[in-house]
Each structure stands twice: as C-alpha cells, then as structure tokens.
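Taken together, the values in this text are just the output of simple stated rules run on the coordinates, not laboratory data. The structure presented is a predicted model; accordingly, all values stated were derived computationally and were not measured. Positions of Cβ are backbone-derived with ideal geometry, glycine not excepted, and every protein chain shown enters the neighbour counts.
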Amino acid sequence: MVGTPLFDKILIANRGEIALRVIRACHELGIQSAAVYSEADRSALHVREANEAYLIGPPPAARSYLDGDKIIAAAKACGAQAIHPGYGFLSENGAFASAVEQAGLVFIGPTGAQIRAMGDKIEARRLMQRIGVPVTPGTQAAIDDLAALRRTAADLGYPVMIKATGGGGGKGIRIVGSPDELQASFERAQSEAASAFKNPAVYLEKLIDRPHHIEFQILGDGRGKVVQLGERECSIQRRHQKVIEECPSPFMTPELRAAMGKAAVQAAAAIQYRNAGTIEFLVDAERRFFFLEMNTRLQVEHPITEEVTGVDLVREQLLIAAGQPLTTPDETPMRGHAIEARICAEDPDNNFAPAIGTVSNLDLPGGRGVRVDGSLYEGMEVSVHYDPLLAKLIVRGNDREQAVARMRRALTELRLTGVHTNIAFLLGICETDAFARGLYHTGFIDEQRSSIARAPSLRERRDVALAAAVLRTLAKGQAAAAGNGAGGASLDPWTFAARREQLRI
Amino acid sequence: MRYYVQIQSQIEEVEVTRAGEQLMVAHGGEQLMVSAATIDQGARYSLLVAGRSLDVIAEMRGSQMLLIVNGHSHRIVVEDERERAARRISGARSSSGRQTVTSPMPGVVRAVRVSPGARVQRGQPLVILEAMKMENEIAAEGEGVVETVRVAPGAAVNQGDALVVIGPLLGPNSGKERT
C-alpha cells in the first residue's frame, strides 16, 4: 500500500455479506474496520473478520441495526471517521445520513437531501419528466381519493399498478387487472404502505407489458460529474424480489445501451449525485425504456458489474467519500459475462416460506470464475430477525454460454444442510431453455414454474434410492459399533453389524 | 435387507447385502457393487456405484431423509421392511388422519383464509403470516376438512404454535396413508 489510507477507521453499519464486503475493501486499502452486531450476530463472520466489533443491541433490527443513534455513538466512541451503511437498514434513510454528517463523520454515500429527493418516488418521477428522461405513464401526484383513482386508471388503461410513494425495492406494489378490483386493492395498498413505510400515500402507474427490469450503475463525485458502468439485467424476480441477475443484458443493443446510459447519467447529474447509485428502468418488448426509480446506495447485485468492468465499487465508494476525483471512465466497457444467484434461506416447496435452522455440511464452490459473497459458515444460526439472503453466488465467463454453464456447475457444488434453501430452485431456473437462450422478462418465474421444477431422471432416482439404502445400512452399522462401546473404529461398521445381527444387514 | 425409498411419491425398492468390504445393491433388476467411504461423522459419504461417483450428504429425521447427491437435493422417505409393515398396520388401525398445521416461524397472523367445515386441498392457503418483513402463506399439507381455527388476525404466534386443525375427508379407517 503506497501513501496514507483514505480513512484511519470506518464503521460498517450493517451485517451479513455486505458488511463483510465492506470490511474486505477496507482491509485491502489499509483502513481499520469496526463492525457492529446485535446479540444474534455475536459469532457472525463479519464480527470475526472485522478489526473491532461493538454490540449495539438485542436481535430485532429496530433495536440494533436500525438504531441510528446507537450506531453513531459507537462510531464516535471507537474513533471511526466514516460510516458505510451497506444496503437495506439505514442506507436510504436521509435523516440518518444527515445525522452522521452533523456528528462530524463522513457518510459513505449520497447526502441526506439526495436520499430524500429520490426516496419520494413521485418527486423522483416529476424530476425525470422535467429533465426529459422517459417515465412509465402514470400519475403526477399521490392519490387518496377513490373516484380520482378510478378516472386516472381508466385514462391509463388497465392493467395498472398501485405503488407506495414511500416504498421502493419492490415492496408496496399491487397489480390491478380490472376496474372491479380497484377499490379493494387501493384500500389494501394504503394500509400496507402505512404499516410498512409509515406513509399511506400511493400513486398509479401503467403496467408495462412483459417488461425487462434493467438498471444502470452510476458513480457521482457530488460536484456534477457522473459516470455510468453499464447495465444489469434483473428480470428474474419473484414477487418483485430479484433472484438472478446478469450483465450484460441479453436484451440490450448498443443503441439502447447508449440511450439508457445517457439517461442514467442525466438523472443522477440532475441532483449532483454523490457516490454510488443505481438508476432502475423498465424496458418493454419494443425496447422503449422508462425510469422506474433511483436507488441511492450500493445494490445487492453490484458484484456482477465488478466482474465485467474490473472496477471495485466499494473501493470507489471509499475514494469518493474521501474526496478523491472520479477516475473510472464513463461508459466503462464490459468484458465477458457475469451472473449472480441469490442463495436464500427459504423453502420453495412450501411457498418460499422463510426458513430457519443451523447451517451444517457446508460446501462452497470454487474454481475459475467463481465468487461467493456470503456470510455463511458451518454452525451459523439462521434466525427470523433478518433478511433470508445467505450468500450471493457470482460467476464470470468469457461469454454468456460459459457463464451459464459455470453457474450450473457452481450451484451443484454449493451444498449445505440444516436449513432449507432455494438452491434447487435456482438450478431449475438455470436449466430452463428460456434462461439458456437469454429470452425472459419479469414474468419468467410465474410462467415457467412447471419447467423449473425438475423431476429426477430414472438414473438419478436409482442413485438416490441406492444412496438412501446404503446410508441406512451404514448408519445401522455405526450405531451398533457405538453401542458396543468397544473401539468400533477398528472394525468396519458393517462387519460389526453383521456379527451382531447374525449376518442380517 | 430391503428398503423402500419414496422419491416424489413413487417408491423404489432396493436390496442391500454385504459383499466382502463392499456392498451389493439390487435395484430394478440390476445388481451393482458399491464402495462406501465415510467422509465425516456419518453425514457425508462418497459412494462408488460400479465406478460412478456419488457425493452424498444426508440429514436423517426418523424415516425422512434429506439427501444431497452430487449437489441435487431430494427429500425422501426411507423404510426398511419392518418399519414399512409397522406403519401399514398402525395406519389402518388409528387413522385419525388429523393434521395440526403449525406456524413454521414466529410472526403475526395477518389473515385467516378458511373456517371450520371448509374442505381444503393440498397446498391450499390457510393462514397469511407476516414474518421476516414478508407475507407468508401457510398452506395445507394434505386434503381434509377444517375442524378448528386456532388463531385470528392480529394474533402473534411462535414457531410450532397450532394455527389450524384439519380432519380427514372421510371417517376413520379411511385407509389413507400420509405421504
């Protein structure tokens, strides 16, 4: 490391894989890392990898990772100069960002005002319209009157989406197919918005037919300069939550990339955006694009951009926060192809119910072009308190075909027991014809549900049946050996069992 | 010893006998030699089935097993002859066939979709539970008729708390086996 570090010490106001991600970037830059943890995370990987770690409360996020005052106090107490908020939790909380700066610390991200400007989805849409970035047809203002809602919906044409103005990240969305569903959906949407976002205001957007969700990564220096690092295709979603992402997008053309990239830069530059951010767009079947929202933080899926551009995005965040000029070129070229699969603690066979348990028998994939950004370790307790994301499996290939083959290989090498995961579901997606050909949109998972569920082949059924029978046999032998207490290890298990049971295995 | 392995509602019969240091396994008219090496404390094994390499991780819970074979996971039921015979006898005799649907995680009941007397299908949503910042559908595992609903919207539940009790479609001795 040449020269002095950007900061002496940074506190990471997060947990799990993203905390570890930031800690790793700090260590590579010679910066001391300070972690915070709740009582549920005492043994977490991010705590063990950080240079320092401080307890900030009991397991519920509201009393730990969401407690901005406690976090700022911890940062000041340990002498950190800056706070990295990760994603989720307080990362898009404008009041927190402002409070950090008022406390004399650096917030590694945009200003509180910028977070608030883009956090109000209606305001963000209005801004885009003013600067000439296309937006999805929809309302200009929040609607709280059913009659007005009905008229607007009729003007837009069904189907429409009711969205929470304080929402984002795929939450607080209701699709309305026809006028008779409108009232019930409106009432449900308002109450969900009130409880989830403390803000019942909703607005209306036209539902785009078979859209692609394509987003652009940007970096801004906070003084008007913004660069874009290309797109990420995020259309493999379930209930508006991303499952698999890739870049470059198989749906993209050079012309569309140029136009969308320009719009993304315009959008961020309009507010002199500072640090890393993402502009999300919907693209319809005719390749017309529409601004969806801006995420004023680092995204979960940022690694795939890193893999194809060679840029370390967290490092760039730290450089910008330390006041350094942007060195990443605009329209940074993408080389090769990268795919990310989100490994989650959930049970796809039980309606994706969140799963809990203790991680055992963990095997992580490796080899060329494989990257695991995760907080997984043997013995890890998966609890109800936090997001079900266990790890991100990222692969890189020279082209899309190689990347897809590599993802399939890596998913079969990734193994664990003790908690239900969506690994088989992810593998099922990667093995569909549509995914192999890169032909999909946001309706993919719903439409392909039956293709995704694999029925084992005859050979596989035989392998599984044999394995089950053999294991039962061995388990019996081992139990017998242990029961005898006579150094069973010196006898092979089934000889011992045979002797005890008179050759009946 | 013969085993009955249920994989996705179909049963495979497998016979295992000792053959020196290996095992002889018969299935579907084929006889195969299997070499088994224990990798770790009884949860991980390497099987060579006539040369074919199977990496196996297993989690056993009574007759239920989670098997990960070469990275593909399967939830199966394994019974030996004695267990299978015992289950069939008790199945024919008792058969209250009652399922108590319990909450898989702590959370708050947001909605109840059924009431006593309702006939439900496998997979039919019974209760909407809010947990881990998401709404989760708790569904019926088998066919039946709702006997009792133990919760109401707004109720906070712990993992394992009873939500809905579902009785069999027909009377006792229906002879239906639970899969």
Margin query: Charges at C-beta only: +1 for Lys and Arg, -1 for Asp and Glu. How large is the resulting dipole of chain B about its Cα centre, in Debye rounded to 20?
Written below: 540
Notebook entry, point to check: Using only helices, what value at 222 nm comes out for chain A when you add -39,500 (n - 2.57) per DSSP H run of length 4 or more and divide by the total residues, to the nearest 500 deg cm²/dmol?
Noted result: -11000 deg cm²/dmol
Checklist line | chain B - mean residue ellipticity at 222 nm from DSSP helices (-39,500 (n - 2.57) per run, n ≥ 4, rounded to 500) | finding: -2500 deg cm²/dmol
Margin query: If you average 1/r across every pair of different Cα atoms in chain A and take the reciprocal, what Kirkwood value do you get, in Å?
Written below: 24.7
Note to self: Based on the alpha-carbon set only, what is the convex hull volume of segment A:223-269 divided per residue, in Å³?
What the structure shows: 93
Margin query: Helix A:146-156 against the longest principal axis of chain A: what's the angle in degrees, Cα atoms only, rounded to the nearest 10?
Written below: 90
Notebook entry, point to check: What's the average, rounded to a whole number, of partner chain beta-carbon atoms within 10 Å of each residue's beta-carbon in B:75-84?
Noted result: 2
Next item on the list: Specify which residue in the list A:423, A:56, A:285 is farthest towards the positive end of the charge dipole of the protein assembly as shown, using unit charges on the beta carbon of Lys, Arg (+1) and Asp, Glu (-1), about the Cα centre.
Entry: A:423
Check: List the lysines whose alpha-carbon lies under 21 Å from that of residue A:198, not counting same-chain residues fewer than 8 positions away?
Finding: A:121, A:163, A:171, B:133
Margin query: At 7 Å along Cα-to-Cβ for each site, give me the label-to-label distance between residue A:453 and residue A:63 in nm.
Written below: 4.1
Notebook entry, point to check: Which Cα, out of B:29, B:85, B:4, lies furthest along the positive dipole direction of segment B:1-125 (beta carbon charges, K/R +1, D/E -1)?
Noted result: B:85
Notebook entry, point to check: Cα centroids of segment B:13-29 and segment A:86-117: how far apart, whole angstrom?
Noted result: 65
Next item on the list: Quantify how strongly other chains surround peptide A:455-464 by giving the mean number of their Cβ atoms within 10 Å of each of its Cβ atoms.
Entry: 6
Notebook entry, point to check: More than 18 Å apart: what percent of Cα pairs in segment A:1-115 qualify?
Noted result: 44
Margin query: Would you work out the Kirkwood radius for segment A:337-476? I mean one over the mean of 1/r across all pairs of different Cα atoms, in Å.
Written below: 16.4
Check: What GluC sites (Glu not before Pro) in segment A:339-394 are in a loop by DSSP, with at most 16 other Cβ atoms within 10 Å of the Cβ?
Finding: A:378
Check: Which lysines have a Cα less than 28 Å from the Cα of residue A:9, not counting those fewer than 8 places away in the same chain?
Finding: A:70, A:76, A:225, A:392
Next item on the list: Give me the percent of Cα-Cα pairs in chain B that sit more than 23 Å apart, rounded to a whole number.
Entry: 57
Notebook entry, point to check: Tell me, which longest segment in chain A has none of the trypsin sites (Lys or Arg not before Pro) that fall in DSSP loops with at most 16 further Cβ atoms within 10 Å?
Noted result: A:43-197
Next item on the list: Using a cut-off of 12 Å between beta-carbons, work out the net charge of the residues near residue B:116 (Lys and Arg +1, Asp and Glu -1, residue B:116 not included).
Entry: +1
Note to self: Please give the charge dipole size of segment A:193-297, origin at the Cα centre, charges +1 on K and R Cβ atoms and -1 on D and E Cβ atoms. Round to the nearest 20 debye.
What the structure shows: 320
Item checked: Cα centroid separation, segment B:33-60 to segment A:357-423 (Å) -> 22
Next item on the list: Net charge near residue A:43: determine it from the other residues with C-beta under 15 Å of the C-beta of residue A:43, scoring Lys and Arg +1 and Asp and Glu -1.
Entry: -2
Check: Hey, got the dipole for chain A? About the Cα centre, +1 on K and R Cβ, -1 on D and E Cβ, debye to the nearest 20?
Finding: 620
Next item on the list: Among A:82, A:148, A:44, flag the residue with its Cα farthest along the positive direction of the charge dipole of segment A:20-159, charges on Cβ as +1 for Lys/Arg and -1 for Asp/Glu.
Entry: A:148
